[in-house]
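The values are calculated or read from the model by the stated rules, or taken from the named source; none is laboratory data. Small disclaimer: the values here were computed from a predicted structure and weren't measured. Counting neighbours? That spans all protein chains shown, and the Cβs are built from the backbone with ideal geometry, glycine included.
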Amino acid sequence: MRFPWQLQWTLTKYIVGNALRGKKRYPLVLMLEPTHLCNLACEGCGKIREFESTIRDMLSVETCLKAVEDCGAPIVSICGGEPTIYPHLGELVDELLKRKKFLYICTNAIKLEKFLRQWKPSPYLTINISMDGLEPTHDLIRSRKGLYQIDIRMIKLAKSLGFRVVTNTTIYKETKLEEIEQLFSELAGIGVDGFLVTPGYEYTILKGRDIFLEKQQTHEKFEHIWEMSKRYRILSTPMYLRFLKGERDLKCSPWGGPNYNPQGWKGPCYLITDAHYKTYDELMARTDWETFENKRDPRCANCMMHSGFEHTVVREIGKSWKDLWEMLRWNLA
C-alpha cells in the first residue's frame, strides 16, 4: 500500500463522519508554519520574500497545538520556512504524535540528522525531503552547492533508521522530465517510499517570474509524469494526475489545506494572502469560498496545486465506481 493502514483507516472514519454530519467543507491537512525562517533562498519560494518583515516571528508550541485542535485535521504538514530551524520542533513533534496526528516534516534536510537521532520511526511520522532534480539542477535551484549530496545522505540515514521517507519534486518551466525520471530511479534505489510531484507554486509575490508553468505547459509536462507513475510510486492520486494532464476538470478546495503561521490563519489559501485571521472559525466564516472553489479570481488562472485540488479528489471519488476502482488499484499497487 502507498500509505500506512493507520492513516487510511483514520482518514476513512474522518471523511465518513463529516459526510454523515452533512459537513461540506472540512480540512484534511493543516499546513502548519511555526516559523518562516530558512537557511536557503530557493528560486521558486515566495515564503521568505512575502514574510520578510516578520521573518523572525515564531509560534509557541502551545499556540501550534491550539491551532491543530481548532482545525481538527487528521494530518499536519509542518513546513515553513525550514522547520528544523524552529527551536521547539522536537517538543512539537512529540506532542502531536501523542495526539495521534499524522505528521509530514517538510525539510531541506540540512539540519535533519540530529532529529533523526532523537525521533523513533512511527507510521504517524513521515519525513518529506525536497528534491527538484539531479545534483547540478537541485543545487542551482536551492542556491547551495553540495546540498544534493547532503539530501541523499540524509535519505539513506533515515531509511537505515526505519523512517518513512518521501520526496517532493516541483516541476518548473525549464524542468527536464528525463532528468526527473533519472532522479526517481536513483531515489527508488535507495529506498524512498514515494514521490510527491507538483507544478511550481506561483506565489502571488513571485508573479511575473518566468519560471512557472502556464496551464497548457502543465498539461504537457504531466503527460510525461503520468507515464512515470506507471513505473514509480508517485503519490499524487490518479484523478489529480488526470487533472494535471488536462484530461479532467476539478474545482478547488482551498479550505482542505488551511495554513496557520505566526501571523494567524492565512486566507484564502496557501498561495494567496488576502488576510490573516485570529481564529480558524473566522477564516471559514469570512472567506468567499465559492469564488475560489470555482476559480473565478484571476490569480487562480494557472494554479493546479495539490493543496487545493487533491482535497477535491476526496469529494469526487465516491461519485463514480470507475474512479473508486482506479483509486483502490492505485493505492494497493
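Structure above, values below:
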read-out	value
Thr198 vs. criteria in contact (Cβ under 8 Å) with a residue 12 or more places away in the chain and touching a Pro at 6+ places or on another chain (Cβ under 8 Å)	no
Helices (runs of 4 or more DSSP H) lying entirely in segment 122-236 (those with 3 or more residues that are closer than 30 Å to Cys300 by Cβ)	135-142, 177-189, 215-228
Residues located in segment 263-288, provided they are in contact with a helix residue (DSSP H, G or I) (Cβ under 6 Å, 6 or more places away or on another chain) and among the hydrophobic types (A, V, I, L, M, F, W, C)	Trp265, Cys269, Ile272
Gly22 vs. criteria of a type in the set (Gly, Ala, Ser) and touching a His at 6+ places or on another chain (Cβ under 8 Å)	no
Any hit, segment 160-179, residues being among the charged types (D, E, K, R), surrounded by fewer than 19 Cβ atoms within 10 Å (Cβ to Cβ) and more than 24 Å from Glu214 (Cβ to Cβ)	no
Every residue from segment 223-236 that is buried (at least 23 other Cβ atoms within 10 Å of the Cβ) and either in contact with an Asp or Glu (Cβ under 9 Å, 6 or more places away or on another chain) or modelled with pLDDT under 95 (or both)	Ser236
Scan of segment 243-268 for residues that are touching a residue at least 12 places away in the same chain (Cβ under 8 Å) and more than 17 Å from Gly72 (Cα to Cα), ordered by number	Phe243, Leu244, Lys245, Gly246, Leu250, Lys251, Cys252, Pro262, Gln263, Gly267, Pro268
Per-region count, segment 287-331, residues modelled with pLDDT under 90 and polar (S, T, N, Q)	4
The lone exception for Leu328 - which of (1) of a type outside the set (Val, Ile, Thr); (2) out of contact with any Leu (no Cβ under 9 Å at 6 or more places or on another chain); (3) crowded, with 16+ Cβ neighbours inside 10 Å it fails	(3)
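Yes or no, residue by residue, for (1) over 20 Å from the mean Cα position of the chain (by Cα); (2) under 21 Å from Glu310 (Cα atoms); (3) at pLDDT below 95; (4) surrounded by 20 or more Cβ atoms within 10 Å (Cβ to Cβ):
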residue	(1), (2), (3), (4)
Val192	no, no, no, yes
Lys207	yes, no, yes, no
Thr218	no, yes, yes, yes
Phe243	no, yes, no, yes
